[in-house]
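Data first, discussion second: the structure below is written as structure tokens.
The values are calculated or read from the model by the stated rules, or taken from the named source; none is laboratory data. The shown structure was predicted, so the numbers you read here are calculated from the model rather than taken from an experiment. Using ideal geometry, Cβ is built from the backbone for each residue, glycine included, and neighbour counts are taken over all protein chains shown.
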Amino acid sequence: MNYENRIKEIGGLKKEIDKHRPLSQKALEQLKGYYRVGLTYSSNALEGNSLTETETKVVIEDGITIGGKPLKDHYEAMGHSEAFSLLYKLAKKKTITKKDILGLHHLFYYRIDETRAGKYRKEKVIITGSSFVPPHPSEIMGLMKKFIAAIPKYRKKCHPVEFAALLHKELVTIHPFTDGNGRTARLLMNLALLQTGYAITIIPPVVRSEYISALKKAQTGAKDSQPFINFISSMVYESMKDYKRLLNAL
């Protein structure tokens with residue numbers, strides 16, 4: 001399935017959403033709770049986490065362990081929820097640094113492996129179901145340095161939605177961590193969106209194959225990023241529509 005670029009329509013939605021601002025503290029807290037569960041569930045589910053959305057909510061909000069589910073799945077939910085809290089703090093800034101990216105990964109991953117949390121990988125990795133081969137560990141430091149230095153340039157020359165998509169694509173292509181690259185990239189994408197007044201964007205597990213396909217086109221062959229940008233713009237468009245619905249209900 002080919003996704004259209006929805007940036008123009010997103011602009012119209014943003015104008016409508018901006019009319020509701022500033023939001024009350026109560027509304028902000030309700031929205032934050034809604035997206036904490038939604039983003040944590042969907043981002044983990046894309047990577048094979050077995051917790052349902054309801055189970056994710058119970059783990060995050062009540063700290064209850066779900067019987068018959070792997071401990072790692074619980075750690076991923078708890079870790080992502082912590083990284084989500086950091087996301088909101090970082091959204092108050094207008095910059096994105098190395099410390100921010102490593103901080104998001106560390107909070108997500110430290111329960112699973114403290115020694116690798118927030119640290120660049122030192123081993124080769126393969127991505128199952130993909131012909132894309134991530135860079136050698138010896139290249140990561142240089143690639144990340146170059147990527148982080150380019151962030152202000154991307155921000156200046158790209159539309160905010162395109163900027164967020166490119167950050168996501170670049171991070172998963174460098175694949176700097178042993179595990180948790182996709183989740184960190186989606187957090188990073190959402191950080192860029194929040195910083196520019198857009199809604200938290202969720203990629204539903206039901207479109208996982210289209211998501212992987214668009215990403216693959218950006219990483220292999222002609223390395224065309226446009227299908228991925230179009231895909232992300234469609235996800236932002238749907239998320240903005242949902243955000244508008246929530247604002248009207250509050």
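Could you list, in sequence order, the residues of the range 93-103 that are more than 20 Å from S43 (Cα to Cα) and either buried (at least 17 other Cβ atoms within 10 Å of the Cβ) or in contact (Cβ under 8 Å) with a residue 12 or more places away in the chain (or both)?
K93, K94, T95, I96, T97, K98
Can you tell me which of V37, V59 is closer than 27 Å to E210 by Cα, among the hydrophobic types (A, V, I, L, M, F, W, C) and touching a helix residue (DSSP H, G or I) at 6+ places or on another chain (Cβ under 9 Å)?
Answer to the check: V37.
If I ask for residues that are touching a residue at least 12 places away in the same chain (Cβ under 8 Å) and among the β-branched types (V, I, T), which ones from the range 35-58 would you list? Explain how you work it out, then say what you get.
So in the range 35-58, the residues touching a residue at least 12 places away in the same chain (Cβ under 8 Å) come out as 35-47, 49-51, 53, 55-57.
Answer for the range 35-58, where residues must be touching a residue at least 12 places away in the same chain (Cβ under 8 Å) and among the β-branched types (V, I, T): V37, T40, T56.
List, please: which pairs have Cβ atoms under 6 Å, are six or more places apart or on different chains, and start with a residue in the range 104-129 that is over 18 Å from G142 (Cα atoms) and end with one that is crowded, with 16+ Cβ neighbours inside 10 Å and polar (S, T, N, Q)?
L104/T184; H105/T184; R116/T178
Suppose we filter G68, G118 for residues that are touching a His at 6+ places or on another chain (Cβ under 8 Å) and either of a type in the set (G, A, S) or assigned to a helix (DSSP H, G or I) (or both); which single one remains?
G118
Pairs under 6 Å by beta carbon, first residue touching a residue at least 24 places away in the same chain (Cβ under 8 Å) in the range 69-92, partner hydroxyl-bearing (S, T, Y) and surrounded by fewer than 19 Cβ atoms within 10 Å (Cβ to Cβ), six or more apart or different chains?
Between residues of the range 69-92 that are touching a residue at least 24 places away in the same chain (Cβ under 8 Å) and residues that are hydroxyl-bearing (S, T, Y) and surrounded by fewer than 19 Cβ atoms within 10 Å (Cβ to Cβ), the close pairs are D73/S50.
Restricting to the range 12-34, name every residue that is more than 17 Å from S85 (Cα to Cα), in contact (Cβ under 8 Å) with a residue 12 or more places away in the chain and assigned to a helix (DSSP H, G or I).
Of everything in the range 12-34, those that are more than 17 Å from S85 (Cα to Cα), in contact (Cβ under 8 Å) with a residue 12 or more places away in the chain and assigned to a helix (DSSP H, G or I) turn out to be L13, K14, E16, I17, D18.
For V206, are the conditions met, namely being over 30 Å from R21 (Cα atoms) and at pLDDT 95 or above?
In short, yes.
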